[in-house]
1. For the stretch 33-126, please list each of the strands (runs of 3 or more DSSP E) lying entirely inside it that holds at least 2 residues being β-branched (Val, Ile, Thr).
2. Residues to consider are Ile435, Ile411, Ile440; find the one that is more than 19 Å from Leu635 (Cα to Cα), surrounded by fewer than 20 Cβ atoms within 10 Å (Cβ to Cβ) and either among the hydrophobic types (A, V, I, L, M, F, W, C) or in contact with a Gly (Cβ under 8 Å, 6 or more places away or on another chain) (or both).
3. Which of the residues belonging to the stretch 611-646 are of a type in the set (D, E, K, R) and part of a helix (DSSP H, G or I)?
4. Taking Val144, is it open to solvent by less than 20 Å² (accessible area, probe 1.4 Å) and not in a loop (DSSP other than H, G, I, E, B)?
5. Quick one: count up the residues across the stretch 38-82 that are in contact with a Ser or Thr (Cβ under 7 Å, 6 or more places away or on another chain) and either open to solvent by 30 Å² or more (accessible area, probe 1.4 Å) or small (Gly, Ala, Ser) (or both).
6. Given the criterion touching a helix residue (DSSP H, G or I) at 6+ places or on another chain (Cβ under 7 Å) and either under 29 Å from Lys527 (Cβ atoms) or open to solvent by 60 Å² or more (accessible area, probe 1.4 Å) (or both), identify the matching residue among Val573, Val563, Val569, Val587.
7. Please work out which residue is nearest to Lys215 (Cα to Cα), limiting yourself to the stretch 332-384 and to residues that are open to solvent by 60 Å² or more (accessible area, probe 1.4 Å) and of a type in the set (A, V, I, L, M, F, W, C).
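The values are calculated or read from the model by the stated rules, or taken from the named source; none is laboratory data. Just so we're clear, the structure is a prediction, and the values are computed from it rather than from any experiment. Glycine also receives a Cβ, built like all others from the backbone with ideal geometry; neighbour counts cover every protein chain displayed. SASA here: full protein model, heavy atoms, side chains in, ligands and nucleic acids out. Shrake-Rupley method; radii C 1.70, N 1.55, O 1.52, S 1.80 Å.
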Amino acid sequence: MNSGICEQIFPIIDDIKSRGFEEREGQEDLMLDISESFDNGENYMCEAGVGIGKSLAYLIPGILKSRSCGKPLIVCSSTIQLTEQLEKDVSLVSNLLDCLIETVVGKGAHNYPCLERIVDLNDSIGKNNSDIQQLYSYVLNNDVDKQNISPEFKQYMSKISTEKCTYSRCPSKDNCTFFQMRKALKESCRQDCLGNYIPKVIIVNQDLMIRHFMKLFHYEAGILTQNPCGMIIDEAHNLEEKVRAAHTVELNLKDITRFFQDTIKLLHSAYNYEEDRLIQELEAGIKDIFNIEQHRLSQADQNSIGDTARLTFDYKDTENLDRCLNLINSISSSIQFIDARGKQEEFQQEVMSHYRHLQNMLSALKDSVNARNILWGELAGRKRELKFCFAPKTTDLFIQEGILNQIYPVILVSATITEVGKQGERAYEYFASSIGFQGIFGEAKGSPFPYDENARLLLPEKLPDCQARNEIYYEKIAHWILKIHKVVNSGTLVLFTAKKDLEEIAKIVKTSKGTRVYVDSENTSAKTIITEFRESGGIILGTGSFWEGIDLPGKELQCVIIVRLPFPVPDPVLEYKIQKNGDMNNVLLPEMITKLKQGSGRLIRKESDTGILVLLDSRMNQDGYKNKQIILDALPIKKQMANIDQVNGFLQNKFE
């Protein structure tokens with residue numbers, strides 16, 4: 001190994017042991033691998049199982065590197081839970097290394113209150129309103145965000161959250177938590193009175209990190225420091241989906257009409273009235289496309305009012321498409337020549353992004369085979385108004401060139417990025433190819449938890465057909481959930497892949513007397529549900545965010561029930577991946593197993609935890625199901641049970 005960070009790690013590992021911390025071989029190996037990556041300036045990817053302690057494994061070498069070179073370490077997560085845990089872990093590293101560490105947590109603008117909006121709110125309600133004055137004083141004198149705002153002021157957050165920030169032009173910037181945070185995201189490490197660098201950790205979610213690199217890609221000012229010592233991407237299995245979501249654009253006719261109004265406003269501000277005719281021609285051409293496709297797709301739409309229909313386009317007027325594309329080029333050139341400054345420059349960039357979207361949409365409509373984007377139409381809601389949607393066919397080039405190809409090392413870690421049955425670098429093939437990763441692949445570090453001793457997998461012998469999804473199916477699944485929860489007699493998390501399934505089963509489960517049931521819904525945040533669940537126990541019925549990032553150790557959660565195997569529903573993007581790959585199973589199966597491993601990973605969070613994992617998908621008790629063994633091999637819990645009596649016996653033996 002090279003000297004440098006690696007050389008400093010060995011005594012720290014010994015010090016960790018001497019302080020009474022649990023010795024974890026996987027954590028030490030990961031720490032050494034990452035140290036070598038920092039020393040050699042190489043990108044690195046590794047799967048680190050639940051319980052490895054991967055955050056300390058990358059924070060310690062990253063902070064040492066920051067201290068030695070005076071450049072911040074960027075750490076990216078994809079869940080609020082990990083972000084909060086990282087703040088605690090940085091404090092732990094500060095004690096271990098006996099050094100001050102500056103920490104900056106970057107969140108989206110809507111998480112922060114705006115002093116100027118509070119002033120506007122006061123003016124709208126009536127000047128000198130005592131409640132609003134107290135709110136202003138509270139925000140002025142405290143570092144406030146949506147997560148920590150005082151309960152008495154929580155009701156105002158939606159009215160005062162930061163929207164269109166004017167940044168350096170804002171008169172309240174010196175007292176603004178959001179502005180000061182954004183400023184700190186770009187600053188280098190400070191020095192102490194002896195001239196030594198104070199290490200700095202910048203913690204952001206993956207969405208903010210992706211927006212930063214998208215801005216740089218379009219030659220705009222970034223959000224984060226452009227000269228860090230390195231970047232860690234934790235929960236890296238979400239990276240491809242996050243990047244695609246950031247690049248996915250939806251346009252309806254109202255959006256486009258507003259774009260043209262913004263264009264005229266911008267050009268007129270620069271005394272350019274010559275393009276008005278071109279804008280009118282372009283608007284007429286776009287409306288023609290919308291009207292024709294709205295009529296055609298509406299006739300093909302056989303879905304019910306509440307459902308969203310995804311349909312392909314078949315627009316034939318290539319002359320109109322060419323004319324519109326030429327008009328876009330002409331108008332874009334005029335916009336680029338405007339010598340805008342300050343707020344007007346931001347408006348100019350926003351208008352230019354609209355024209356890039358229009359250009360991408362029309363290019364995909366003209367030539368779907370050679371276009372960079374996949375284009376589809378959606379009819380949704382009662383009015384069934386047409387919405388054009390498009391996303392990049394692949395994200396690997398942007399991730400590779402825009403995110404991974406840096407002058408500093410980029411390190412990717414996750415508990416779920418390898419494929420079952422493959423060894424070494426081959427185990428990373430599916431994930432690595434989807435993001436265009438080039439670098440060093442670490443040997444996967446398995447979980448140190450004693451699953452054989454403390455956990456069991458329940459595959460009930462008789463289950464309703466998972467393809468039926470009728471009243472009888474929902475009643476039987478609800479019966480299983482309540483029966484299992486009664487035997488476990490502790491916190492139970494039920495994971496769903498479809499909102500409709502959750503809603504139908506919730507109606508039945510909630511009728512059970514004496515059981516507290518929490519239902520994932522738009523009206524209640526996951527954080528609120530988990531906080532109350534910790535205190536009362538019961539059953540959580542969850543989708544989406546409940547599949548990962550949930551940390552409920554001990555008796556807080558002793559049963560995870562997965563209702564259906566989480567195969568993704570094929571959408572236009574997945575259909576393209578399947579077409580490109582040539583085999584549906586080579587795409588849908590790895591995607592499903594990644595989510596399955598994330599969901600099952602909610603169960604055992606500490607070495608002493610005990611728990612039951614349950615699969616209620618009828619395919620798993622069919623010997624002829626082709627994916628059964630692959631799925632069983634992917635799960636960390638190997639010892640199986642087939643009935644409730646066996647579960648009861650296991651738990652009685654554990655807790656006698």
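1. Working: elements: 44-47, 73-77, 102-106.
Passing ranges, in order: 73-77, 102-106.
2. Ile440
3. Pass one, the stretch 611-646, residues of a type in the set (D, E, K, R): 617, 619, 623, 626, 628, 633, 638-639, 645.
Listed by number, the residues that qualify are Arg619, Lys628, Asp633, Asp645.
4. On the way: open to solvent by less than 20 Å² (accessible area, probe 1.4 Å): yes; not in a loop (DSSP other than H, G, I, E, B): no.
Here the answer is no, as Val144 does not meet what is asked.
5. Residues in the stretch 38-82 being in contact with a Ser or Thr (Cβ under 7 Å, 6 or more places away or on another chain) and either open to solvent by 30 Å² or more (accessible area, probe 1.4 Å) or small (Gly, Ala, Ser) (or both): 6 in total.
6. Details: Val573 fails: either under 29 Å from Lys527 (Cβ atoms) or open to solvent by 60 Å² or more (accessible area, probe 1.4 Å) (or both); Val569 fails: touching a helix residue (DSSP H, G or I) at 6+ places or on another chain (Cβ under 7 Å); Val587 fails: either under 29 Å from Lys527 (Cβ atoms) or open to solvent by 60 Å² or more (accessible area, probe 1.4 Å) (or both).
Step by step, each of Val573, Val563, Val569, Val587 is checked, and only Val563 is touching a helix residue (DSSP H, G or I) at 6+ places or on another chain (Cβ under 7 Å) and either under 29 Å from Lys527 (Cβ atoms) or open to solvent by 60 Å² or more (accessible area, probe 1.4 Å) (or both).
7. Phe337
Here is a yes/no grid of residues against (1) over 37 Å from the mean Cα position of the chain (by Cα); (2) closer than 19 Å to Ile374 by Cα; (3) loosely packed, with under 14 Cβ neighbours inside 10 Å:
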| residue | (1), (2), (3) |
| --- | --- |
| Phe259 | no, no, no |
| Leu278 | yes, no, no |
| Ala284 | yes, no, yes |
| Gln294 | no, yes, no |
